[in-house]
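The structure under discussion appears below in the form of C-alpha coordinates.
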Amino acid sequence: MTEAAPKTEASGRRLNMIEAINEALHVMMARDPDVVVFGEDVGYFGGVFRATVGLQKAFGKHRVFDTPINECGIIGAAVGMGAYGLRPVPEIQFADYIYPGLDQLISEAARLRYRSAGEFIAPITVRSPFGGGIFGGQTHSQSPEALFTHVAGLKTVIPCTPYDAKGLLISAIEDDDPVIFFEPKRIYNGPFSGYYDKPVEPWARHEGSEVPEGYYTVPLGKARIVQEGEAMSVIAYGTMIHVAQAVCREKGIDAEIIDLRTLVPLDIDTVEKSVKKTGKCLIIHEATRTGGFGGELSALVQERCFYHLEAPIERVTGFDTPYPHSLEWAYFPGPVRIGEAVDRLMKA
(Lines give C-alpha, C1' and ligand atoms only; values in the text may rest on other atoms or scores of the structure.)
Protein backbone atom coordinates (compact mmCIF):
# COMPACT_ATOMS: atom_id res chain seq x y z
CA MET A 1 0.00 0.00 0.00
CA THR A 2 1.15 3.51 -0.74
CA GLU A 3 0.80 6.24 1.82
CA ALA A 4 0.11 9.76 0.65
CA ALA A 5 1.55 12.55 2.75
CA PRO A 6 -1.23 14.00 4.93
CA LYS A 7 -2.11 17.64 4.85
CA THR A 8 -0.43 19.45 7.69
CA GLU A 9 -0.38 22.81 9.38
CA ALA A 10 3.30 23.24 8.60
CA SER A 11 2.76 25.76 5.84
CA GLY A 12 6.01 27.59 5.18
CA ARG A 13 7.90 25.78 7.95
CA ARG A 14 10.82 24.10 6.22
CA LEU A 15 13.45 22.02 7.99
CA ASN A 16 16.49 20.18 6.77
CA MET A 17 16.95 16.52 7.68
CA ILE A 18 19.16 17.11 10.71
CA GLU A 19 16.63 19.54 12.17
CA ALA A 20 13.79 17.09 11.52
CA ILE A 21 15.65 14.22 13.20
CA ASN A 22 16.53 16.41 16.16
CA GLU A 23 12.91 17.43 16.50
CA ALA A 24 11.74 13.79 16.34
CA LEU A 25 14.07 12.94 19.22
CA HIS A 26 12.82 15.90 21.24
CA VAL A 27 9.21 14.85 20.63
CA MET A 28 9.74 11.24 21.66
CA MET A 29 11.84 12.03 24.71
CA ALA A 30 9.16 14.41 25.92
CA ARG A 31 6.38 11.88 25.29
CA ASP A 32 8.08 8.80 26.69
CA PRO A 33 10.43 8.86 29.71
CA ASP A 34 11.77 5.44 28.68
CA VAL A 35 13.44 6.87 25.55
CA VAL A 36 17.19 7.35 26.05
CA VAL A 37 19.79 8.61 23.59
CA PHE A 38 23.50 7.83 23.74
CA GLY A 39 26.59 7.36 21.62
CA GLU A 40 29.93 8.95 20.80
CA ASP A 41 29.79 12.74 21.33
CA VAL A 42 25.98 12.86 21.26
CA GLY A 43 25.57 14.46 24.69
CA TYR A 44 27.53 17.60 25.48
CA PHE A 45 28.64 18.22 21.89
CA GLY A 46 25.34 17.29 20.25
CA GLY A 47 26.75 14.79 17.77
CA VAL A 48 29.31 15.14 15.02
CA PHE A 49 26.51 16.25 12.66
CA ARG A 50 24.65 18.11 15.44
CA ALA A 51 21.58 15.85 15.19
CA THR A 52 21.34 15.55 19.00
CA VAL A 53 22.15 19.13 19.89
CA GLY A 54 20.14 20.46 22.84
CA LEU A 55 18.88 17.06 23.97
CA GLN A 56 21.16 16.71 27.00
CA LYS A 57 20.31 20.21 28.19
CA ALA A 58 16.60 19.50 27.81
CA PHE A 59 16.44 16.00 29.30
CA GLY A 60 19.52 15.60 31.46
CA LYS A 61 22.68 13.52 31.46
CA HIS A 62 20.87 10.42 32.70
CA ARG A 63 18.87 10.23 29.45
CA VAL A 64 21.32 11.71 26.93
CA PHE A 65 24.92 10.69 27.49
CA ASP A 66 28.25 10.10 25.82
CA THR A 67 29.86 6.69 25.50
CA PRO A 68 33.35 5.35 24.93
CA ILE A 69 34.44 4.55 21.37
CA ASN A 70 33.01 1.05 21.54
CA GLU A 71 30.28 0.24 19.04
CA CYS A 72 29.89 -3.32 20.31
CA GLY A 73 29.37 -1.95 23.81
CA ILE A 74 26.96 0.76 22.64
CA ILE A 75 24.66 -1.70 20.89
CA GLY A 76 25.06 -4.38 23.55
CA ALA A 77 24.02 -1.90 26.24
CA ALA A 78 21.04 -0.89 24.09
CA VAL A 79 19.89 -4.50 23.80
CA GLY A 80 19.99 -4.89 27.57
CA MET A 81 18.14 -1.62 28.11
CA GLY A 82 15.46 -2.63 25.63
CA ALA A 83 14.98 -6.03 27.23
CA TYR A 84 14.25 -4.36 30.56
CA GLY A 85 11.75 -1.75 29.44
CA LEU A 86 13.65 1.21 27.99
CA ARG A 87 13.51 2.41 24.39
CA PRO A 88 17.14 3.21 23.58
CA VAL A 89 18.16 5.23 20.53
CA PRO A 90 21.92 4.70 20.21
CA GLU A 91 23.84 6.60 17.56
CA ILE A 92 26.69 5.02 15.63
CA GLN A 93 28.70 8.04 14.52
CA PHE A 94 29.20 6.74 10.96
CA ALA A 95 27.74 3.61 9.37
CA ASP A 96 31.33 2.59 8.63
CA TYR A 97 31.84 2.11 12.38
CA ILE A 98 28.91 -0.24 12.90
CA TYR A 99 30.72 -3.48 12.11
CA PRO A 100 32.07 -4.15 15.64
CA GLY A 101 28.45 -4.12 16.79
CA LEU A 102 27.16 -6.64 14.23
CA ASP A 103 27.25 -9.58 16.62
CA GLN A 104 25.09 -7.72 19.13
CA LEU A 105 22.67 -6.65 16.39
CA ILE A 106 22.43 -10.01 14.64
CA SER A 107 22.89 -12.56 17.41
CA GLU A 108 21.14 -10.66 20.20
CA ALA A 109 18.83 -7.82 19.11
CA ALA A 110 17.35 -9.52 16.05
CA ARG A 111 16.88 -12.87 17.82
CA LEU A 112 15.68 -11.81 21.26
CA ARG A 113 11.92 -11.79 20.64
CA TYR A 114 12.04 -15.18 18.92
CA ARG A 115 14.51 -16.82 21.29
CA SER A 116 12.46 -15.83 24.33
CA ALA A 117 9.08 -16.66 22.76
CA GLY A 118 8.06 -13.03 23.17
CA GLU A 119 9.03 -12.71 26.83
CA PHE A 120 11.70 -10.13 25.95
CA ILE A 121 11.94 -7.64 23.10
CA ALA A 122 14.64 -5.30 21.83
CA PRO A 123 12.86 -2.04 20.93
CA ILE A 124 16.06 -0.26 19.91
CA THR A 125 16.55 2.23 17.09
CA VAL A 126 20.14 2.43 15.88
CA ARG A 127 20.66 5.74 14.11
CA SER A 128 23.64 6.23 11.83
CA PRO A 129 24.67 8.60 9.00
CA PHE A 130 25.50 6.62 5.87
CA GLY A 131 26.59 7.05 2.27
CA GLY A 132 28.79 9.65 0.65
CA GLY A 133 28.58 13.38 0.46
CA ILE A 134 31.27 14.69 2.79
CA PHE A 135 34.37 13.49 0.92
CA GLY A 136 35.05 11.09 3.78
CA GLY A 137 36.70 8.38 1.72
CA GLN A 138 36.71 4.70 2.57
CA THR A 139 36.06 4.97 6.30
CA HIS A 140 33.27 7.57 6.39
CA SER A 141 31.16 6.98 3.28
CA GLN A 142 29.96 3.39 3.13
CA SER A 143 26.42 2.22 2.41
CA PRO A 144 26.06 -1.15 4.21
CA GLU A 145 22.26 -1.38 4.19
CA ALA A 146 22.15 -4.71 2.34
CA LEU A 147 23.93 -6.43 5.25
CA PHE A 148 21.03 -5.64 7.55
CA THR A 149 18.24 -6.50 5.12
CA HIS A 150 19.63 -10.04 5.13
CA VAL A 151 19.03 -10.42 8.88
CA ALA A 152 15.61 -11.72 9.89
CA GLY A 153 14.30 -9.74 12.84
CA LEU A 154 15.85 -6.38 11.89
CA LYS A 155 14.03 -3.55 10.15
CA THR A 156 15.93 -1.19 7.85
CA VAL A 157 14.72 2.37 7.28
CA ILE A 158 16.18 5.07 5.01
CA PRO A 159 14.40 8.45 4.65
CA CYS A 160 14.89 10.80 1.72
CA THR A 161 13.07 13.92 2.97
CA PRO A 162 13.00 15.77 6.30
CA TYR A 163 9.25 15.12 6.55
CA ASP A 164 9.80 11.38 6.27
CA ALA A 165 12.88 11.46 8.49
CA LYS A 166 10.88 12.81 11.41
CA GLY A 167 7.81 10.62 10.91
CA LEU A 168 9.77 7.45 10.22
CA LEU A 169 12.07 7.99 13.20
CA ILE A 170 9.11 8.38 15.54
CA SER A 171 7.60 5.18 14.13
CA ALA A 172 10.92 3.38 14.54
CA ILE A 173 11.30 4.42 18.17
CA GLU A 174 7.76 3.24 18.92
CA ASP A 175 8.32 -0.10 17.17
CA ASP A 176 8.94 -3.11 19.41
CA ASP A 177 11.51 -4.62 17.03
CA PRO A 178 15.08 -3.41 16.44
CA VAL A 179 15.39 -0.87 13.65
CA ILE A 180 18.44 0.28 11.71
CA PHE A 181 17.79 3.91 10.80
CA PHE A 182 20.23 5.08 8.14
CA GLU A 183 20.38 8.83 7.45
CA PRO A 184 21.80 9.93 4.06
CA LYS A 185 24.41 12.46 5.09
CA ARG A 186 24.62 13.90 1.58
CA ILE A 187 21.20 15.52 2.07
CA TYR A 188 21.51 16.17 5.80
CA ASN A 189 21.80 19.95 5.63
CA GLY A 190 19.72 20.86 2.61
CA PRO A 191 21.47 22.26 -0.48
CA PHE A 192 24.71 20.44 0.35
CA SER A 193 25.59 18.48 3.42
CA GLY A 194 29.18 18.15 4.42
CA TYR A 195 32.06 19.65 6.31
CA TYR A 196 33.71 21.17 3.30
CA ASP A 197 32.83 24.05 1.06
CA LYS A 198 32.93 22.02 -2.14
CA PRO A 199 31.04 22.92 -5.31
CA VAL A 200 27.97 20.77 -5.92
CA GLU A 201 26.07 20.09 -9.11
CA PRO A 202 22.54 21.57 -9.23
CA TRP A 203 21.01 18.08 -9.49
CA ALA A 204 22.49 17.18 -6.10
CA ARG A 205 20.76 20.01 -4.26
CA HIS A 206 17.87 19.43 -1.89
CA GLU A 207 16.17 22.35 -0.20
CA GLY A 208 14.43 20.59 2.68
CA SER A 209 10.70 20.10 3.10
CA GLU A 210 7.76 21.21 5.17
CA VAL A 211 7.71 19.45 8.52
CA PRO A 212 4.79 19.69 10.95
CA GLU A 213 5.44 20.60 14.55
CA GLY A 214 4.82 18.05 17.26
CA TYR A 215 4.00 14.38 16.94
CA TYR A 216 3.18 12.51 13.73
CA THR A 217 4.23 9.20 12.22
CA VAL A 218 5.06 7.79 8.81
CA PRO A 219 4.32 4.04 8.88
CA LEU A 220 7.14 1.59 8.32
CA GLY A 221 6.71 -0.65 5.31
CA LYS A 222 4.83 1.76 3.05
CA ALA A 223 6.49 3.21 -0.02
CA ARG A 224 5.81 6.69 -1.40
CA ILE A 225 5.07 7.44 -5.02
CA VAL A 226 7.17 10.56 -5.51
CA GLN A 227 5.68 11.19 -8.92
CA GLU A 228 3.35 9.18 -11.13
CA GLY A 229 4.27 8.27 -14.69
CA GLU A 230 3.85 5.83 -17.55
CA ALA A 231 7.24 5.53 -19.27
CA MET A 232 9.08 3.45 -16.66
CA SER A 233 9.25 2.69 -12.94
CA VAL A 234 12.26 4.09 -11.09
CA ILE A 235 12.84 2.40 -7.72
CA ALA A 236 15.25 4.03 -5.27
CA TYR A 237 15.71 5.31 -1.74
CA GLY A 238 17.62 7.95 0.17
CA THR A 239 19.72 10.42 -1.81
CA MET A 240 19.13 8.63 -5.10
CA ILE A 241 15.50 9.71 -5.18
CA HIS A 242 16.56 13.32 -5.70
CA VAL A 243 19.11 12.42 -8.36
CA ALA A 244 16.55 10.28 -10.21
CA GLN A 245 14.02 13.10 -10.14
CA ALA A 246 16.54 15.53 -11.59
CA VAL A 247 17.56 13.15 -14.39
CA CYS A 248 13.98 12.36 -15.40
CA ARG A 249 13.10 16.05 -15.30
CA GLU A 250 16.11 16.99 -17.43
CA LYS A 251 15.31 14.32 -20.01
CA GLY A 252 11.58 14.99 -19.97
CA ILE A 253 10.82 11.36 -19.11
CA ASP A 254 7.36 10.56 -17.74
CA ALA A 255 8.74 8.16 -15.12
CA GLU A 256 7.01 6.86 -12.04
CA ILE A 257 9.47 7.32 -9.17
CA ILE A 258 9.00 5.24 -6.02
CA ASP A 259 10.76 5.97 -2.75
CA LEU A 260 10.91 2.70 -0.81
CA ARG A 261 11.42 4.46 2.55
CA THR A 262 11.91 1.10 4.29
CA LEU A 263 13.83 -1.79 2.77
CA VAL A 264 12.56 -4.18 5.45
CA PRO A 265 9.62 -4.37 5.64
CA LEU A 266 9.41 -3.82 1.88
CA ASP A 267 6.30 -2.49 0.17
CA ILE A 268 6.66 -4.81 -2.81
CA ASP A 269 2.98 -4.40 -3.71
CA THR A 270 3.49 -0.77 -4.73
CA VAL A 271 6.56 -1.72 -6.77
CA GLU A 272 4.71 -4.56 -8.49
CA LYS A 273 1.72 -2.42 -9.37
CA SER A 274 3.94 0.26 -10.85
CA VAL A 275 6.09 -2.08 -12.97
CA LYS A 276 3.06 -3.91 -14.30
CA LYS A 277 1.72 -0.53 -15.41
CA THR A 278 4.90 0.80 -17.06
CA GLY A 279 6.55 -2.43 -18.23
CA LYS A 280 10.04 -1.09 -17.49
CA CYS A 281 12.06 -0.92 -14.29
CA LEU A 282 15.15 1.05 -13.26
CA ILE A 283 16.67 0.40 -9.81
CA ILE A 284 19.16 2.86 -8.32
CA HIS A 285 21.22 2.77 -5.15
CA GLU A 286 24.53 4.23 -4.01
CA ALA A 287 25.87 1.03 -2.43
CA THR A 288 28.13 -1.36 -4.32
CA ARG A 289 26.45 -3.45 -6.98
CA THR A 290 27.37 -7.02 -6.01
CA GLY A 291 25.16 -8.20 -3.16
CA GLY A 292 23.42 -4.82 -3.06
CA PHE A 293 19.73 -4.49 -2.25
CA GLY A 294 19.06 -3.78 -5.92
CA GLY A 295 19.73 -7.44 -6.67
CA GLU A 296 16.92 -8.50 -4.32
CA LEU A 297 14.61 -5.89 -5.83
CA SER A 298 15.44 -7.09 -9.33
CA ALA A 299 14.65 -10.70 -8.39
CA LEU A 300 11.33 -9.73 -6.83
CA VAL A 301 10.31 -7.65 -9.85
CA GLN A 302 11.23 -10.49 -12.20
CA GLU A 303 9.27 -13.01 -10.13
CA ARG A 304 6.16 -10.88 -9.93
CA CYS A 305 6.21 -8.93 -13.20
CA PHE A 306 7.95 -11.20 -15.73
CA TYR A 307 5.13 -11.24 -18.29
CA HIS A 308 4.68 -7.48 -18.07
CA LEU A 309 8.33 -6.52 -18.64
CA GLU A 310 9.10 -4.94 -22.01
CA ALA A 311 12.86 -4.64 -21.39
CA PRO A 312 15.52 -6.08 -19.07
CA ILE A 313 15.58 -4.58 -15.58
CA GLU A 314 18.29 -1.93 -15.29
CA ARG A 315 20.42 -1.31 -12.20
CA VAL A 316 22.60 1.76 -11.61
CA THR A 317 24.71 1.50 -8.46
CA GLY A 318 28.02 2.32 -6.87
CA PHE A 319 31.05 0.47 -8.15
CA ASP A 320 32.49 -2.73 -6.66
CA THR A 321 35.47 -0.91 -5.21
CA PRO A 322 36.42 0.57 -1.84
CA TYR A 323 34.93 4.03 -1.60
CA PRO A 324 37.17 6.60 -3.34
CA HIS A 325 37.97 9.95 -1.77
CA SER A 326 38.95 12.20 -4.66
CA LEU A 327 36.57 10.47 -7.11
CA GLU A 328 33.49 10.61 -4.90
CA TRP A 329 31.24 12.28 -7.47
CA ALA A 330 32.28 9.75 -10.12
CA TYR A 331 31.44 6.90 -7.75
CA PHE A 332 27.92 8.15 -7.14
CA PRO A 333 25.22 6.99 -9.55
CA GLY A 334 24.97 10.40 -11.21
CA PRO A 335 23.09 11.94 -14.12
CA VAL A 336 25.36 10.46 -16.80
CA ARG A 337 25.09 6.81 -15.78
CA ILE A 338 21.43 7.08 -14.78
CA GLY A 339 20.70 8.93 -18.02
CA GLU A 340 22.32 6.15 -20.06
CA ALA A 341 20.15 3.56 -18.30
CA VAL A 342 17.05 5.66 -18.96
CA ASP A 343 17.96 5.88 -22.65
CA ARG A 344 18.42 2.12 -22.91
CA LEU A 345 15.01 1.51 -21.38
CA MET A 346 13.32 4.07 -23.60
CA LYS A 347 14.83 2.50 -26.73
CA ALA A 348 13.94 -1.05 -25.73
Practice task
Examine region 14-26 for a residue that is in a strand (DSSP E or B) and either modelled with pLDDT of 95 or more or closer than 30 Å to GLY136 by Cα (or both), and state whether such a residue exists.
Solution key: yes
Practice task
Determine whether PRO265 is modelled with pLDDT under 95 and not charged (D, E, K, R).
Solution key: no
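Each row is one residue, and each column tells you yes or no for (1) touching a residue at least 40 places away in the same chain (Cβ under 8 Å); (2) aromatic (Phe, Trp, Tyr); (3) out of contact with any strand residue (DSSP E or B) (no Cβ under 8 Å at 6 or more places or on another chain); (4) more than 18 Å from VAL157 (Cα to Cα).
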site	(1), (2), (3), (4)
PRO265	yes, no, no, no
THR278	yes, no, no, yes
ALA299	no, no, yes, yes
GLN302	no, no, yes, yes
PRO312	no, no, yes, yes
THR321	no, no, no, yes
Fill in the blank from the handout: In region 224-270, anything hydrophobic (A, V, I, L, M, F, W, C), farther than 21 Å from ARG186 by Cβ and surrounded by fewer than 24 Cβ atoms within 10 Å (Cβ to Cβ) is listed as ILE225, ALA231, ILE253, VAL264, LEU266, ILE268
Handout entry: Residues that are at pLDDT 95 or above and part of a helix (DSSP H, G or I), drawn from region 301-330
Key = VAL301, GLN302, GLU303, ARG304, CYS305, PHE306, TYR307, HIS308
Problem - Unmet requirement for GLY133, which otherwise passes all of (1) within 30 Å of GLU328 (Cα to Cα); (2) in contact with a Gly (Cβ under 8 Å, 6 or more places away or on another chain); (3) part of a helix (DSSP H, G or I) - result: (3)
Fill in the blank from the handout: Of (1) in a helix (DSSP H, G or I); (2) modelled with pLDDT under 95; (3) surrounded by fewer than 22 Cβ atoms within 10 Å (Cβ to Cβ); (4) not basic (Lys, Arg), SER298 satisfies every one except (2)
Problem - Residue check, ILE253 touching a residue at least 24 places away in the same chain (Cβ under 8 Å), assigned to a helix (DSSP H, G or I), of a type in the set (Val, Ile, Thr) and out of contact with any Lys or Arg (no Cβ under 8 Å at 6 or more places or on another chain) - result: no
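The values are calculated or read from the model by the stated rules, or taken from the named source; none is laboratory data. Given the structure is predicted, the values throughout are model-derived calculations rather than measurements. Cβ atoms come from the backbone with ideal geometry, glycine included; neighbour counts cover every protein chain shown.
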